[in-house]
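Taken together, the values in this text are just the output of simple stated rules run on the coordinates, not laboratory data. From a predicted model like this one, the values you see are computed outputs, not experimental measurements. So basically every Cβ, Gly included, is an ideal-geometry build from the backbone, and we count neighbours across all protein chains shown.
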Amino acid sequence: MNSETLYSTLNQELNNIKAAGTFKYEVPLESEQGGIVKAAGHDCIMLASNNYLGLANHPKVKQAAHRGLDEWGYGLSSVRFICGTEPIHLELEKLAAEFVGCEASILHSSCFAANEAFFAALMANDFGQTDYQDVIYSDQFNHASIIDGVRLCRGIAKQTVSKLYRNRDVAHLREMLQEDKEKNYRIKIIATDGVFSMEGHLAPLPDLVQLAREFGALLFVDESHASGVLGRTGRGTPEELGVFGQIDVITGTLGKALGGASGGFIAGRHELIEFLRQKSRPYTFSNSVPPSVVTASIEAIRLIEEEPSIVTRLHENTAYFRSGIKKLGFTIIEGIHPIVPIMLERRSWLRIWLACFLTKASISRGSGIQSYLREKQGCALRSPRPIRGKISTAHSRLSKRQANS
Ligand SMILES: Cc1ncc(COP(=O)(O)O)c(C=O)c1O
């Protein structure tokens, strides 16, 4: 295929994606991220971002970012083992580890990079053994970054076996572990999202902790949608489900509740984290997280620790929205997470329009519900399917008078 043929093939493929109704449009925002944003000249309620705690434009977080910029500059211009580590990076790593209940942590440029890094770093190393196999048991609905992490690992470490267990199905996982008992795998990892972002379901962590112990496996949990969100003090799914401090490896993002910019981390035992500092390729071959993001993320975690009302309010807003949307007659997938999947059949759109028309709620002027915007932009909606509303501390309850104005 020469380059011109390639470009015309790409154009054709883009048309195919549009025809299939799965083209992703990016809505231009005219304001900073928040509970209310401006788009197409209108104030819109943002129900699509992962700005769970409203920290993405919190004044103290913004101030901390400025401080980072002023004191530590714009960037480090290389990787930490080559050009030096700043104390703020070490401080954030310590804070993030403590926050999720682990001994230590290592920053990466994103949680995607962290998840890609982890499996390959560990399993591509023979540790002096010649004849061995490793195995990863992965929940079938794990995030793309875990899927890619496992794929990358299998590409590099060919002796790694990966097995999918049914979503949150502890009995299925137990069956697999039992079946494999005699196989003498060298390293066994159970990998799961703490919260599955499509439906807001929680992983059955207490059972997974139990299985990991029973079968000598390492439990890996991606807490991207849970850190700062779940648990009385925002320490995530382990806190919510009573197993805080009992997870072997936790990955998380700084791009959602913990400030909302970018960056990720892997947390676990000291020796594991030190090993990753040597062997994680996305860590050793990619630039450090910029100082302003580091200082702002430190501030974000401190705020969560020092002002528990930020988390409490998220929980209250979530309960309020979940009960309110049901009162309006919508069916939702039940749960406790601020991701609220609302089941919509085609006729439900009419009800949305009607409800918005009656209340003049800002949804009619362009809500943050992504699928709604996609529908407006001409994409097919396969129904019935849920759309997700994501609730934030930044949302406030409008009085009827405000809603009508
Ligand atoms: C479960 C999960 N893991 C990882 C990521 C990637 O996080 P980051 O944006 O820090 O790369 C996401 C982002 O959507 C996620 O939902």
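If eta is 1.002 mPa s and T is 20 °C, what Stokes-Einstein diffusion coefficient results for the chain, Kirkwood Rh from Cα pairs, in µm²/s?
94
Which loop chymotrypsin sites (Phe, Trp or Tyr not before Pro) in segment 264-305, with loop taken from DSSP, have no more than 13 other Cβ atoms within 10 angstrom of their Cβ?
Counting only loop positions with at most 13 other Cβ atoms within 10 Å, the chymotrypsin sites (Phe, Trp or Tyr not before Pro) in segment 264-305 are 285.
Of 13, 305, 223, how do they rank once you tally other Cβ atoms within 10 Å and put the fewest first?
Final ranking by Cβ density, sparse to dense: 13, 305, 223.
As an exercise, identify the trypsin sites (Lys or Arg not before Pro) in segment 109-161 lying in DSSP coil whose Cβ has no more than 11 other Cβ atoms within 10 Å. The partial results should precede the final answer.
Numbers: sites: 151, 154, 158; in loops: 158.
Taking segment 109-161 and a limit of 11 other Cβ atoms within 10 Å, the loop trypsin sites (Lys or Arg not before Pro) found are 158.
Let's see if you can work this out: charge +1 on each Lys and Arg Cβ, -1 on each Asp and Glu Cβ, no other charges. What is the dipole magnitude of the chain about its Cα centre, in debye to the nearest 20?
Details: 46 positive and 43 negative charges, 372 e Å.
Here the chain has a charge dipole of around 1780 debye.
Could you order the peptides 28-35, 143-150 from most to least packed, using the average number of other C-beta atoms within 10 Å per residue?
Going by the mean number of other Cβ atoms within 10 Å, highest first, we get 143-150, 28-35.
Going down the table (94/256; 163/279; 327/390; 163/183; 94/390), which pairs top 21 Å between alpha carbons? Walk me through the numbers on the way to the answer.
Values: 94/256 19 Å; 163/279 24 Å; 327/390 18 Å; 163/183 14 Å; 94/390 29 Å.
Over 21 Å Cα-Cα: 163/279; 94/390.
Once the other residues with Cβ under 13 Å from the Cβ of residue 103 are scored (Lys, Arg +1; Asp, Glu -1), what is the net sum?
-3
Need one number: % antiparallel among DSSP beta bridges in the chain, to the nearest 5.
The antiparallel proportion sits near 55 percent.
Counting Lys +1, Arg +1, Asp -1, Glu -1, what net charge surrounds residue 168 among other residues with beta carbon under 11 Å of its beta carbon?
On the way: positive: 166; negative: 139, 169, 193, 199, 207.
Net local charge, residue 168 excluded: -4.
Find, among the chymotrypsin sites (Phe, Trp or Tyr not before Pro) in segment 12-79, those assigned to loop by DSSP (not H, G, I, E, B) with at most 14 other beta-carbon atoms within 10 angstrom.
Here the chymotrypsin sites (Phe, Trp or Tyr not before Pro) that fit, given the DSSP loop and packing criteria, are 25, 74.
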